[in-house]
Amino acid sequence: MREYTKSECDKILSEVIHESVISITPPPLEDSWVRFEKKLQNQVIAENHIKALYAKGIPTSDIKNQLRSIYGMTFSTCMIDQIIKKFSTMDQWQSRKLDRVYPIVYLDAIQFKVRKDSKVINKIAYIGLGINTSGRKEILGIWVCENVNTEFCIDICNDLKNRGVYDILIACINGFFVVPEAIRSVFPRTEIHSCNIGQILYLIKYSTYQEQKELLKDLRKVYQVLSYEEAERAFVKFKENWGNKYPIVIQCWEKNWLELMSYFKYPYGIRQMMYTTNIIESYHNLLYQLTNIKFCYSTDEAIKKLIYLASVEADKQWTIPFSEWSCFVSQFNAFFGDRVQLESVI
């Protein structure tokens, strides 16, 4: 075997190294930057997709599978939770400053199931929706508790007051979840109106299917009349026809009669805003669709975060005031005087 000198060995080694360097030479810097930009862009799109899917109530496992099929990217459950947390500013939103006066505030609640100590229990999420002085809708806050009680309703009203709300002209409430006395203890001048829809659902719950159509027909004669006196006469007749068969329903209406019929003192425009609950019901239908996707939630924060993201998306669509707000301005001023200075939208 031939022996190589040191100079020959150095020459051979340098040639081998040169060939190896050529074979592993990276692509031009521009190509690498384009690929990096594309990857970063896909990451941002995927994160926005995660937020949008979570806001629609899609479970984390389904989000993970969809991202893998669309973007070819694998996200762990922990990573998805971190991305959602990064987008969420719920604490700042919940504690933000509110307007001084709200002409109308709707207070209602939805029920959902949450897992606690290896058990599944029912909890209640209270939601406040306000009509501000410009005639635009606004979600005021989300509050979660286990049972309906006066103390928690007072805490909700105190939270609104601490965040800058000085006065509420009219509070439209669901009498099964919100205690009127709690509102009056914090906002004593507020007019309370109890939602008719809640009472109607209560009637449907405790009546037979065969008689529901006739019951609702007679009940419409009570709350669709033009004056308080006509409503009283219609309710007397309704009580004579159905009182013996459904005493629980009659007692419920009698107990909340003043709050249920309070809208008769106002002109038709304001009355329609109080009576027609499409404002809050349409929003609740969205929440019901989201919360019903899962049987139960792991924590209170999970449901609050879901409602918060849905509320943020709803707020983006509530940019236009009521079409007849300019007419409502004079009506509110006539009834409440200097308690509010409303903005007329032309």
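Charge tally around residue 187: other residues with Cβ under 15 Å, Lys/Arg +1 each, Asp/Glu -1 each, net -1. A full extension of the chain between residue 134 and residue 224 corresponds to an added length of 29.6 nm, given 0.36 nm per residue minus the alpha carbon distance. Per-residue extension of 0.36 nm, minus the Cα-Cα distance of residue 210 and residue 313, leaves a gain of 33.0 nm for this segment. Taking the fewest neighbouring Cβ atoms within 10 Å as the starting point, the ordered list for 257, 325 is 257, 325.
With the highest mean first, a sort of the peptides 128-141, 157-170, 209-222 on other beta-carbon atoms found within 10 angstrom per residue produces 128-141, 157-170, 209-222.
For residue 166, the residues whose amide H sits under 5 Å from its own are 101, ignoring neighbours fewer than 5 places away on the same chain, with H placed 1.01 Å from N.
Across the range 302-317, rounded Karplus estimates of 3J(HN,Hα) from the backbone phi angles (6.51 cos²θ - 1.76 cosθ + 1.60, θ = phi - 60°) give 4, 6, 5, 5, 5, 5, 4, 5, 5, 5, 4, 5, 5, 4, 5, 8 Hz, Gly and Pro being marked x.
Charged neighbours of residue 242, selected by a Cβ distance under 10 Å, balance to -1 (K, R count +1; D, E count -1). First check a/c for the range 163-294, with a ≥ b ≥ c the square roots of the eigenvalues of its C-alpha gyration tensor; if it is under 1.5, answer rounded, and if not, answer prolate when a/b is larger than b/c or oblate otherwise. Oblate shape, in that a/c is at least 1.5 and b/c is the bigger or equal ratio.
Throughout, read-outs are computed from the coordinates displayed, never taken from laboratory work. All values derive from a computational prediction rather than experimental measurement. Please note: Cβ atoms are built from the backbone with ideal geometry, for glycine as well, and neighbour counts cover all protein chains shown.
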